[in-house]
Structures are given as structure tokens and as C-alpha cells.
Amino acid sequence: MGKPYIGIPREKIPWFPEVDAEKCIGCGECLETCPNGVFILNEESKTVEVSNPSNCVVLCDKCAGFCKVEAISFPDKEETKRLIRSLLREKDGHERKTGV
């Protein structure tokens, strides 16, 4: 479980990379780019896999820009922002009602 993002439990925000194993050449650029331990290199298949998705910083997609073969994808950023705004409104409403 990752750290909350602006007060929202991380597991409520589906933001993490997906690696297309058929495109991945195992170059490791994403491993070098991401300081959060999101990826591992599968020694058997020689491809990169997402091992800790909740370690991914919400709305960060830097690793995808470094992938030479475009094997890394993320959810739609604008859709994710809308979800975050909705979750914040829910959170704020709950806090007003409960005083928490």
C-alpha cells in the first residue's frame, strides 16, 4: 500500500504503469529513471515488470518518455485528475459532516 496522495488513500487512485512484455527489450531505462522501485527486471524473460505499482507517484509518467520502444503506458491523465477531484470532494464532504 502506497502513501496517501493529498489525503486520498493511494489504493483509490489507479495510477501506475503497465509494461507491454511483447514490446519491452529489457534495456532498463525505466529502472534507471524511476527512483521508487516500481519496476523489476525479470531475469528469465529479460523484460521489465511492474512489481510495486503503488510506489508510482500519482500523475508521474516520466519513465514512459524514456522507453525507446514505447512499451510503457499509463491510464488517461485527465481522467485520473477528474477522479482525484471527485475523491477530494467526497473527502471534504465527509470531513465536514463528521468534523474529522
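Could you give every pair whose Cβ atoms fall below 6 Å, whose first residue belongs to the stretch 9-27 and is without any contact (Cβ under 8 Å) to a residue 60 or more places away in the chain and within 16 Å of Ala64 (Cα to Cα), and whose second residue is part of a loop (DSSP other than H, G, I, E, B) and among the β-branched types (Val, Ile, Thr), counting only separations of at least 6 or pairs across chains?
Lys23/Val69; Ile25/Val69
Of the residues Ile40, Ile25, Ile8, which single one is crowded, with 16+ Cβ neighbours inside 10 Å and among the β-branched types (Val, Ile, Thr)? First the steps, then the outcome.
Numbers: Ile40 fails: crowded, with 16+ Cβ neighbours inside 10 Å; Ile25 fails: crowded, with 16+ Cβ neighbours inside 10 Å.
Of Ile40, Ile25, Ile8, the one residue that is crowded, with 16+ Cβ neighbours inside 10 Å and among the β-branched types (Val, Ile, Thr) is Ile8.
It is to be established whether one or more residues within the stretch 74-89 are aliphatic (A, V, I, L, M), free of Cβ contacts under 8 Å to residues at least 60 places away in the same chain and either within 27 Å of Ile6 (Cα to Cα) or crowded, with 16+ Cβ neighbours inside 10 Å (or both). Show your work before the answer.
Initial filter on the stretch 74-89 (aliphatic (A, V, I, L, M)): 83-84, 87-88.
From what's left, free of Cβ contacts under 8 Å to residues at least 60 places away in the same chain: none.
Among the residues of the stretch 74-89, not one is aliphatic (A, V, I, L, M), free of Cβ contacts under 8 Å to residues at least 60 places away in the same chain and either within 27 Å of Ile6 (Cα to Cα) or crowded, with 16+ Cβ neighbours inside 10 Å (or both), which makes the answer no.
Please report, ordered by residue number, the helices (runs of 4 or more DSSP H) entirely within the stretch 10-100 with at least 2 residues that are small (Gly, Ala, Ser). Steps first, answer last, please.
Working: elements: 29-33, 62-66, 77-98.
Where helices (runs of 4 or more DSSP H) fall fully within the stretch 10-100 and carry at least 2 residues being small (Gly, Ala, Ser), they are 62-66, 77-98.
FYI, it's all coordinate maths here, none of it is from the lab. These numbers were taken from a predicted model, which means no experiment stands behind them. As a convention, Cβ positions derive from the backbone with ideal geometry for all residues, glycine included, and neighbour counts pool all protein chains shown.
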